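Only one structure is covered here, and it is reproduced in the block below.
The values are calculated or read from the model by the stated rules, or taken from the named source; none is laboratory data. Note that the coordinates shown come from a computational prediction; the quantities given were computed from them, not determined experimentally. Because the Cβ atoms are built from the backbone with ideal geometry, glycine has one as well, and the counts that use them run over all protein chains shown.
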Amino acid sequence: MPMIDYILFDMDNCLYPASSGLCSRMDGLISNFVAELLSLPVKEAEKMRRENVLTYGTTLKWLTDCHDFKDIHEYNRHIHPADVENYLKKETGIKEMLESLPCGKSVLTNAPPVHADRVLNYLGISGLFDEVLYLGFSGTMGKPHRETYLRAAEICGCSIADTLFLDDVPDYLIPFRDEGGEILLVDETRKHSGRSLPSITNIMELPGYIKECFNV
């Protein structure tokens with residue numbers, strides 16, 4: 001079995017279930033923001049940003065690089081709901097599960113600090129990670145750019161080859177695997193089952209997966 005000694009966690013739809021509705025709410029807010037900014041119908045704005053988001057990593061980077069957008073604070077304020085308690089549940093046992101993992105661990109998210117801190121604090125797990133690597137920690141790039149993964153490993157003091165990376169977006173995982181890392185898709189509804197990636201449906205399944213698949 002391969003060996004791992006570090007775990008990188010995505011946050012949204014990974015450390016809490018996708019069925020919470022929080023990301024769906026943010027997704028709609030992003031499309032509305034883009035539509036208003038570019039004076040487009042919402043459906044057209046949504047199509048444009050989805051076509052560009054994987055190239056640029058985030059909608060925000062696409063806007064800043066291609067549309068000379070500069071008001072990052074306003075963007076983050078607009079698309080990240082402050083009332084996360086209306087979407088998230090404090091999952092019983094997640095703190096204990098994370099504490100029990102036999103590896104170092106950090107968060108790697110494309111979210112800004114205001115959103116990541118709000119979510120991690122509400123879930124009661126903000127102090128459990130070596131690092132919380134927010135969007136922008138590696139210049140202006142986020143996932144899925146290679147430089148982001150290399151910089152994350154450098155900051156966390158881990159080797160990509162011995163690191164397991166969890167995310168709910170297959171196209172964020174594959175570049176990490178291409179760098180030699182281990183990956184695990186968090187896919188609550190198995191909507192990505194056709195991608196043939198190792199997967200779990202809920203973060204609470206992680207200890208069992210590690211025990212079955214890795215030397216730790």
* Those residues that are over 24 Å from LEU120 (Cβ atoms) and surrounded by fewer than 18 Cβ atoms within 10 Å (Cβ to Cβ), I need them from region 20-47; list them, please. => ASN32, GLU36, LEU37, LEU38, SER39, LEU40, PRO41, VAL42, LYS43, GLU44, LYS47
* Asked: Right, PRO144: in contact (Cβ under 8 Å) with a residue 40 or more places away in the chain, surrounded by fewer than 19 Cβ atoms within 10 Å (Cβ to Cβ) and either of a type outside the set (A, V, I, L, M) or part of a loop (DSSP other than H, G, I, E, B) (or both) or not?
  -> no
* Residues of region 22-39 being under 16 Å from ARG118 (Cα atoms) and either in contact with an Asp or Glu (Cβ under 9 Å, 6 or more places away or on another chain) or among the small types (Gly, Ala, Ser) (or both), which ones? -> LEU22, CYS23, MET26
* If you go through region 175-201, how many residues are over 21 Å from MET3 (Cβ atoms) and either in a helix (DSSP H, G or I) or outside the structural domain of SER138 (by TED's automatic domain parsing) (or both)? -> 4
* Please state which of the following conditions LYS211 fails to meet, knowing it meets all the rest: (1) touching a residue at least 12 places away in the same chain (Cβ under 8 Å); (2) of a type outside the set (Val, Ile, Thr); (3) closer than 17 Å to MET3 by Cβ. => (1)
* Asked: Which condition breaks for VAL34 when tested against (1) at pLDDT below 95; (2) in a helix (DSSP H, G or I)?
  -> (1)
* Asked: Which condition number does GLY136 fail, the rest of (1) part of a loop (DSSP other than H, G, I, E, B); (2) free of Cβ contacts under 8 Å to residues at least 60 places away in the same chain; (3) over 15 Å from GLY57 (Cβ atoms) being met?
  -> (3)
* Structure fact -> Note on region 5-45: residues in contact with a Gly (Cβ under 9 Å, 6 or more places away or on another chain) and more than 21 Å from TYR134 (Cα to Cα) are ASP5, VAL42
* Please indicate, with yes or no, whether at least one residue in region 8-19 is surrounded by 14 or more Cβ atoms within 10 Å (Cβ to Cβ) and assigned to a helix (DSSP H, G or I). => yes
* Asked: If LYS105 satisfies every condition in (1) out of contact with any Leu (no Cβ under 6 Å at 6 or more places or on another chain); (2) under 23 Å from LEU60 (Cα atoms); (3) of a type outside the set (A, V, I, L, M, F, W, C); (4) buried (at least 17 other Cβ atoms within 10 Å of the Cβ) but one, which is the exception?
  -> (2)
* To do: Please find, within region 70-93, the residue that is modelled with the lowest pLDDT out of those that are buried (at least 18 other Cβ atoms within 10 Å of the Cβ) and of a type in the set (A, V, I, L, M, F, W, C).
  => ILE79
* Structure fact -> Residue set ALA116, ALA111; condition within 16 Å of ASP12 (Cα to Cα), modelled with pLDDT under 95 and among the small types (Gly, Ala, Ser); output residue ALA111
* To do: Would you mind stating whether GLU99 is within 16 Å of ASN121 (Cα to Cα) and part of a helix (DSSP H, G or I)?
  => yes
* Test each condition in (1) among the basic types (Lys, Arg); (2) within 19 Å of the chain's Cα centre (by Cα); (3) in a helix (DSSP H, G or I) for LYS89 and report the one that comes out false. => (3)
* Asked: What residue, among those in region 147-174 that are part of a loop (DSSP other than H, G, I, E, B) and under 12 Å from the mean Cα position of the chain (by Cα), is surrounded by the most Cβ atoms within 10 Å (Cβ to Cβ)?
  -> ASP168
